[in-house]
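A short write-up of the structure that comes next.
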Amino acid sequence: MKLLGVVINKDLKWDKNTRYLVKKANKKMRMLHIAAKFTRNREHLMQIYKTFIRSNLEFSSNVWHSSLTKENRQDLERVQKAALKVILGKDYKDYDDALKLSKLQSLEQRREVISLRSTIPYLQRQLNRDVLKRKCEFKDLQTFNEVKKVRTENNNHSELVNYVSFADPIT
């Protein structure tokens, strides 16, 4: 099933989604190859890569990142590796060197950052919401106890008055 551009299996494995993303990114790689024929400007090629290819590889990654298999990760990383070969041309030695030279992170590292950036603020909001909810509940409990105490005092007072009034010899 495809939901909002993410392929979801009933077993919640991400193989089909990864294949879909890689296929889509490889189609966009044609654009990078064509651009590389007309310019060797790395900044322009890098912008094409980031805008049209990497964005596809990271689409909704905060949903599926933590559940990827090693093969899924390698498939995604292979696209970036190929893109860096095109962008760097003769200066490409190996993937790690290319990442340093281009000042990029591996896709794995980027997905970690993206996941943390979206998850931590969400969890903070949830915790803060829980704290506020508990404060309100505590305040309600305090108010309830104060009302209960006042009622008890009033009931005790009226019992005392009634007791005194029954013991009054004048009546």
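When the label point is put 7 Å from the Cα of Thr51 along its Cα-to-beta-carbon vector, which residues of the stretch 96-125 have a backbone N closer than 12 Å?
In the stretch 96-125, the label zone of Thr51 (backbone N under 12 Å from the point 7 Å along Cα→Cβ) covers no residue.
Kindly write out, for the stretch 90-106 in residue order, the coupling ³J(HN,Hα) from the Karplus curve 6.51 cos²θ - 1.76 cosθ + 1.60 (θ = phi - 60°), rounded to whole Hz, with x marking Gly and Pro.
Once θ is set to phi - 60°, the couplings for the stretch 90-106 become 5, 7, 6, 10, 8, 5, 4, 5, 5, 5, 5, 4, 8, 6, 10, 9, 5 Hz.
Which percent of the accessible heavy-atom area of the stretch 58-139 goes to carbon and sulfur, probe 1.4 angstrom? Intermediate values should be presented prior to the final figure.
Numbers: 3040 of 5610 Å².
The nonpolar share, carbon plus sulfur, comes to 54 percent.
Cut-off 10 angstrom, C-alpha nodes, Gaussian network model of the chain. Which of Arg129, Arg19, Arg111 fluctuates the most?
Comparing Arg129, Arg19, Arg111 in the GNM, the peak value goes to Arg129.
So with the 1.4 Å probe, I'd like the accessible area per residue for the stretch 40-101, rounded to whole Å².
Working: 3500 Å² over 62 residues.
I get 57 Å² per residue for this part.
What's the angle, to the nearest 10 degrees (0 to 90), between helix 15-38's Cα axis and the longest principal axis of the chain?
50
Which lysines, if any, have their Cα less than 22 Å from the Cα of Lys103, not counting same-chain residues under 8 positions apart?
Leaving aside lysines fewer than 8 places away in the same chain, those within reach of Lys103 are Lys28, Lys50, Lys81, Lys85, Lys90, Lys93.
Do any of Lys2/Lys37; Lys13/Lys37; Lys24/Lys100 go past 30 Å between their Cα atoms, and which?
Table pairs above 30 Å Cα-Cα are Lys2/Lys37; Lys13/Lys37.
Over all distinct alpha-carbon pairs, what is the Kirkwood Rh of the stretch 1-110 in angstrom?
The Cα-based Kirkwood calculation yields 14.5 Å.
On a full-extension model of 0.36 nm per residue, what is the gain between Asp130 and His33, subtracting their alpha-carbon distance, rounded to one decimal in nm?
Numbers: separation 97, 0.36 × 97 = 34.92 nm, distance 5.14 nm.
So the chain would gain 29.8 nm between Asp130 and His33.
Taking the Cα-to-Cβ direction at Glu108 and at Val86 and moving 7 Å from each Cα, how far apart do the two end points lie in nm?
2.4
Got the relative contact order for the chain handy, in percent, Cα pairs under 8 Å and 6 or more residues apart?
19
Between Leu123 and Lys2, what length in nm is gained on full extension when 0.36 nm per residue of separation is reduced by their alpha carbon distance?
Working: separation 121, 0.36 × 121 = 43.56 nm, distance 2.70 nm.
Computed gain between Leu123 and Lys2 is 40.9 nm.
In the stretch 39-55, whose amide N lies under 19 Å from the spot 7 Å out along Cα-to-Cβ of Ser115? List them in ranges.
Only 55 pass the distance filter.
So if the hydrodynamic radius of the stretch 7-63 is defined as the Kirkwood radius over C-alpha pairs, what does Stokes-Einstein give as its diffusion coefficient at 25 °C and 0.890 mPa s, in µm² per second?
Numbers: Rh = 12.4 Å.
This corresponds to a translational diffusion coefficient of 197 µm²/s.
The values are calculated or read from the model by the stated rules, or taken from the named source; none is laboratory data. Owing to the predicted nature of the structure, the values given are computational and were not obtained by experimental measurement. Positions of Cβ are backbone-derived with ideal geometry, glycine not excepted, and every protein chain shown enters the neighbour counts. Calculation scope for accessible area: heavy atoms of the full protein, side chains included, ligands and nucleic acids excluded. Shrake-Rupley method; radii C 1.70, N 1.55, O 1.52, S 1.80 Å.
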